[in-house]
Amino acid sequence: MKNKIPILLITHDRPYLLGKVLDRLIKFTDWNEFELWICSNSSTISNQKIIKAYKSKFPFINVFHQEVNQVALIQNSLIEKLRRDIYIKLDDDIFVTDNWSKSFLNVYERNYTNISIGSVIIPINGFGWTIFLKIMNLEEDFILRFPDVKLIQGCTEPAIWDNPEVNEYFWSKCLDLDSTAKHFLKSQKSYKDYEVPYRYSIGGIIFSHEFWEKMNGWKVSEEFSKGLRNYKLLSKVNKKIANLRGKPEQKRVQQLIKLFTGMETSELGYDEQSLFTFSQENGYKQYVTTENIIFHFAFGPTEEYLIKKVFLDIKF
């Protein structure tokens, strides 16, 4: 039997989004071709409740748990276990659309010879935001609304990264996800694959096992690796003396160990920069296609603002 393509859904603490993300993923994915792995990245109690509810309702969902909060590490561990040809990785604030997976596979196959990662247009993204405006014929309207905002591409440099009003404007044009996706596709005569020549925000990507192996997995910083070694050492000590203090005390101490060693807060961006650097140095390229569109809720600097301003208005 042919191996299914794993979808790695990374989640830590977005219970208010996770269910909506899963609803759309379950609806718009062919589960004869793909399999879902929820990567429970040191999930909070609220997050765990959502995961358990969906696992109970949809038994085909797989759950892979990690004690420490590190997105690169949990992916490496699961990929090492699965060892499939290709993978799709999604964050827990990515909303897919009709035929999304087909477009991911297509951009990968069209650029197979030198692709590192592939994706589709994402409006709340330092690369996709300007292309979205252009295809949706919103450039002029945006410039009138934000005359001082530069329409540049990048990773954290563009205004879409941290400008709340700009993000609110984009969501005002995307509140009905499915209608927006249809309009986006109808607004193009043909799709185009773009090379992304800088660090890319990897919230929704496709990549091969071969490439993952060549770059020796998703990179984790030496600082985090040092903290992880300390965490494992202290955890062993805590476990050995657990019988003397009891389970409740062990759990409390374990949480303190996690905080002390820095294992509670995930390391963000290091994997993206390392990916881009490796791609540049070894002749690989990052590709994004306009063949389809998916939606990203928010970057960290604007997430709280958007929860208040647009979350309840989005037609998920």
*asked:* Being outside the structural domain of Leu73 (by the TED database) and either over 18 Å from Gly269 (Cβ atoms) or in contact with a Gly (Cβ under 7 Å, 6 or more places away or on another chain) (or both): is that true of Tyr231 here?
replied: yes
*Qualifying residues in the stretch 178-196 (those that are without any contact (Cβ under 8 Å) to a residue 60 or more places away in the chain and assigned to a loop (DSSP other than H, G, I, E, B)) - the one surrounded by the fewest Cβ atoms within 10 Å (Cβ to Cβ)*: Lys189
*asked:* Out of the strands (runs of 3 or more DSSP E) lying entirely within the stretch 1-71, which hold 2 or more residues that are crowded, with 20+ Cβ neighbours inside 10 Å?
replied: 5-11, 34-41
*So Lys219 fits all but one of (1) farther than 30 Å from Tyr112 by Cα; (2) at pLDDT below 95; what number is the exception?*
(1)
*Spans of helices (runs of 4 or more DSSP H) in the stretch 219-306 with at least 1 residues touching a residue at least 60 places away in the same chain (Cβ under 8 Å), surrounded by 18 or more Cβ atoms within 10 Å (Cβ to Cβ) and of a type in the set (Asp, Glu)*: 270-282
*Residues that are within 19 Å of Ala181 (Cβ to Cβ) and basic (Lys, Arg), drawn from the stretch 133-150*: Lys134
_Testing Asp313 on (1) surrounded by 12 or more Cβ atoms within 10 Å (Cβ to Cβ); (2) closer than 30 Å to Lys102 by Cβ, one condition comes back false. Which one is that?_
(1)
*Kindly indicate which of Leu36, Leu8 is free of Cβ contacts under 8 Å to residues at least 40 places away in the same chain and touching a Leu at 6+ places or on another chain (Cβ under 8 Å).*
Leu36
*Quick one: what pairs do we get from the stretch 142-169, first residue in contact (Cβ under 8 Å) with a residue 40 or more places away in the chain, second charged (D, E, K, R) and in a loop (DSSP other than H, G, I, E, B), C-beta under 6 Å, 6+ apart or different chains?*
Cys155/Arg199
*Of the residues Lys182, Lys236, Lys150, Lys189, which is of a type outside the set (Val, Ile, Thr), out of contact with any helix residue (DSSP H, G or I) (no Cβ under 9 Å at 6 or more places or on another chain) and not assigned by the TED database to the domain that holds Thr97?*
Lys236
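The values are calculated or read from the model by the stated rules, or taken from the named source; none is laboratory data. Keep in mind that this is a model prediction, so the values were computed, not measured. Cβ sites come from the backbone with ideal geometry, for glycine too, and all protein chains shown count toward neighbours.
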